[in-house]
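The values are calculated or read from the model by the stated rules, or taken from the named source; none is laboratory data. Not measured: the values here are computed from a predicted model. Counting neighbours? That spans all protein chains shown, and the Cβs are built from the backbone with ideal geometry, glycine included.
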Amino acid sequence: MVKLDDIPFSLDAELLMEQLRVQPGTRSAGAFTDLLDRVVQVARPKAVYEVAYVDDKGDDSVVLNGVRFTSRALRRNLDPVERVFAYVVTCGTEADAVSVPEGDMTQALWLWTIKEALVHGAAEYLYGHLATRYQLSHWAAMHPGSGDADVWPIEQQRRLFSLLGDVEALIGVKLTDSMLMVPTMSESGIVFATETDFATCQVCHREDCPRRQAPFDEAVWRTLCAD
C-alpha cells in the first residue's frame, strides 16, 4: 500500500473564473477570489494505491489480490495484463470542510468546481507517479460506476475499497451505503498498462454527460461489453 499525502497542486484562478463565467473586477470576482484563497490555504489532496496482480480470469470476472471483480469490460481490458494499480484519490477532507453561506447556490457551485479541479489535478499527479515509478509507457483506467451501468457496476466499489484496505483511515475517504464516496470530490479506479487508447466514455451511451471526455464508440463497446 502506498499513500501520497503531500500532492502538490496549482489552481488557475483565471481559468476557473472563465469556466464559471465570473467577470474580473466585479464584486463576484472578489468573493470568488476570497473563497479560492480559503481553499488553497487548507487543501491537502491525497491518494492511496495498491499494486495488484491477476490471480484468476473468468469469462466475465477477474481476481486481483484475492478480490473478485465482475465486469466483462474490465476482464477483457485486462486480458493481456498481469499487474494493475488500484487507487483512490481525493480533494481531501480539509478542502471538503470549507463552507459557504447557507443557501448561496452560486458559491456552492464555485466550491464544487474548485474541489473538482483539486481532485483532477491530484489524479493527474498520481497517474504521472505511476507512469514514472513503474515505467508505464501507455496506460488507461477504469472506474466503478463509470460508463453504462453494467460496464462496471458501482456496487463493485466496495470490493475495490476492500482491496485497498482502510481507505478512510489512510486518506479520509469513506463509502456511503449507496457506494458513493465522501468527500464527493474523490475518484477511484484501476490503472492498467495497455497498447490501445481507451476511455470509459467510449462505452457510455449517455449523450448529455457533462464530464464526457471521448465520444461513444460502437466498435469499442462491442469488443468490451457485448456478449
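Among the criteria (1) touching a residue at least 12 places away in the same chain (Cβ under 8 Å); (2) more than 30 Å from Pro144 (Cα to Cα); (3) assigned to a loop (DSSP other than H, G, I, E, B), the one Pro24 does not fulfil is (1).
Scanning segment 74-97 turns up at least one residue that is of a type in the set (Ser, Thr, Tyr), surrounded by fewer than 20 Cβ atoms within 10 Å (Cβ to Cβ) and either assigned to a strand (DSSP E or B) or in contact (Cβ under 8 Å) with a residue 12 or more places away in the chain (or both). Taking every residue in segment 160-176 that is free of Cβ contacts under 8 Å to residues at least 60 places away in the same chain and pairing it with any residue that is surrounded by fewer than 19 Cβ atoms within 10 Å (Cβ to Cβ) and assigned to a helix (DSSP H, G or I), at least 6 positions away or on another chain, the pairs with Cβ-Cβ distances below 6 Å are Lys174/Glu168.
Suppose we filter Leu163, Leu126, Leu111 for residues that are hydrophobic (A, V, I, L, M, F, W, C) and within 17 Å of Asp5 (Cβ to Cβ); which single one remains? Answer to the check: Leu126.
Annotation: Phe69 fulfils all but one of (1) closer than 25 Å to Arg21 by Cα; (2) buried (at least 22 other Cβ atoms within 10 Å of the Cβ); the unmet one is (1). Sort out which residues of segment 98-130 are in a loop (DSSP other than H, G, I, E, B) and among the polar types (S, T, N, Q), and write them in order of number. Passing the criteria: only Ser99. The single condition among (1) surrounded by fewer than 19 Cβ atoms within 10 Å (Cβ to Cβ); (2) part of a helix (DSSP H, G or I); (3) polar (S, T, N, Q) that Gln157 does not meet is (1). Whether a residue is hydrophobic (A, V, I, L, M, F, W, C), crowded, with 17+ Cβ neighbours inside 10 Å and at pLDDT 95 or above was assessed, and Val48 passes this test.
Taking the options Pro101, Pro45, name whichever one is without any contact (Cβ under 8 Å) to a residue 12 or more places away in the chain and of a type outside the set (Phe, Trp, Tyr). Walk me through it before giving the result.
Numbers: Pro45 fails: without any contact (Cβ under 8 Å) to a residue 12 or more places away in the chain.
Criteria check complete, one pass: Pro101.
Candidates Val100, Val167: the one that is of a type in the set (Val, Ile, Thr) and surrounded by fewer than 18 Cβ atoms within 10 Å (Cβ to Cβ) is Val100. The residue of segment 131-147 that is modelled with the lowest pLDDT, among those that are within 26 Å of Met185 (Cα to Cα), in a loop (DSSP other than H, G, I, E, B) and of a type in the set (Gly, Ala, Ser), is Gly147.
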